[in-house]
Amino acid sequence: MKQQTIEIQFKEYDNLKNLIEDDVKLLLLAEKNLKNAYAPYSDFQVSSVCEMENGEMVVGTNQENAAYPSGLCAERVAIFSAKSQYPDQKVNKIVITTAVSNDTPFSPCGGCRQVLMEYEQSQNQPIEVILKSGDSKIWKFKSVADLLPFAFNGGTILKKG
Ligand code: THU
């Protein structure tokens with residue numbers, strides 16, 4: 001038996017002041033767009049923005065439904081919309097924010113991590129992930145892979161034959 005350990009690195013910022021201008025712009029846009037979340041059931045508004053390599057910014061908010069599983073998380077709304085509008089553009093960054101303040105930012109659900117991972121793997125380039133919840137600290141990850149270690153890789157299915 002061999003004990004194995006993995007380490008995940010990310011950057012923590014106390015507030016917007018030390019972030020680069022581009023990240024601040026994306027976070028402010030996401031926060032502005034929180035009002036467009038449709039979350040009458042959970043009252044937990046989430047907002048996300050994808051920045052594409054051509055500089056386009058694509059927004060998304062969580063959209064709920066009376067038949068609960070029919071709703072969709074903000075990150076997935078944003079990235080599905082981004083890749084529908086700009087299928088040939090890589091995604092450089094995604095920011096995810098909520099209005100709910102916490103010391104640390106809320107972390108995206110497993111389903112969203114898997115969806116983000118799909119695009120990171122297919123574009124062969126990391127997608128930065130920036131998280132902020134209300135006035136929480138800001139966490140910045142260099143890659144979706146940092147949030148989803150040991151991810152299932154679509155290449156496994158494609159190569160099976
Ligand atoms: N939600 C997101 O938008 N992103 C996540 O990563 C986790 C949860 C939404 C789904 C639902 O509308 C509400 O937050 C409460 O779970």
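The values are calculated or read from the model by the stated rules, or taken from the named source; none is laboratory data. Predicted model, so just to flag it, every value in this text is computed and none were measured. Here the Cβ is made from the backbone with ideal geometry for all residues, glycine too, and neighbour counts use every protein chain on show. For accessibility, only protein heavy atoms count, side chains too; no ligands or nucleic acids. Shrake-Rupley method; radii C 1.70, N 1.55, O 1.52, S 1.80 Å.
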**Asked** Of all residues in the stretch 140-161 being touching a strand residue (DSSP E or B) at 6+ places or on another chain (Cβ under 7 Å) and closer than 19 Å to Q114 by Cβ, which is surrounded by the most Cβ atoms within 10 Å (Cβ to Cβ)?
**Response** V144
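For A37, are the conditions met, namely being within 9 Å of the ligand (Cβ to nearest atom) and closer than 24 Å to K137 by Cα?
yes
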**Prompt:** Would the stretch 16-34 turn up any residue that is in contact (Cβ under 8 Å) with a residue 12 or more places away in the chain, open to solvent by less than 50 Å² (accessible area, probe 1.4 Å) and within 12 Å of the ligand (Cβ to nearest atom)?
**Reply:** yes
**Message:** Suppose we filter S101, S84 for residues that are closer than 19 Å to A39 by Cα and open to solvent by 60 Å² or more (accessible area, probe 1.4 Å); which single one remains?
**Reply:** S101
**Message:** Out of the residues in the stretch 48-76 meeting the condition of being more than 9 Å from the ligand (Cβ to nearest atom) and open to solvent by less than 20 Å² (accessible area, probe 1.4 Å), tell me which one is nearest to L116 (Cα to Cα).
**Reply:** C50
**Request:** Give the residues of the stretch 94-119 that are outside any loop (DSSP other than H, G, I, E, B) and under 20 Å from P149 (Cβ atoms), sorted by residue number.
**Result:** I94, I96, G110, G111, C112, R113, Q114, V115, L116, M117, E118, Y119
**Item:** Failed condition for I157, given (1) over 26 Å from L34 (Cβ atoms); (2) in a loop (DSSP other than H, G, I, E, B)
**Value:** (2)
**Request:** Pairs only if they're at least six apart or on different chains, beta carbon under 8 angstrom, first in the stretch 55-83 and under 16 Å from F44 (Cβ atoms), second crowded, with 16+ Cβ neighbours inside 10 Å and of a type in the set (D, E); list them, first residue then second.
**Result:** G60/E75; G71/E64
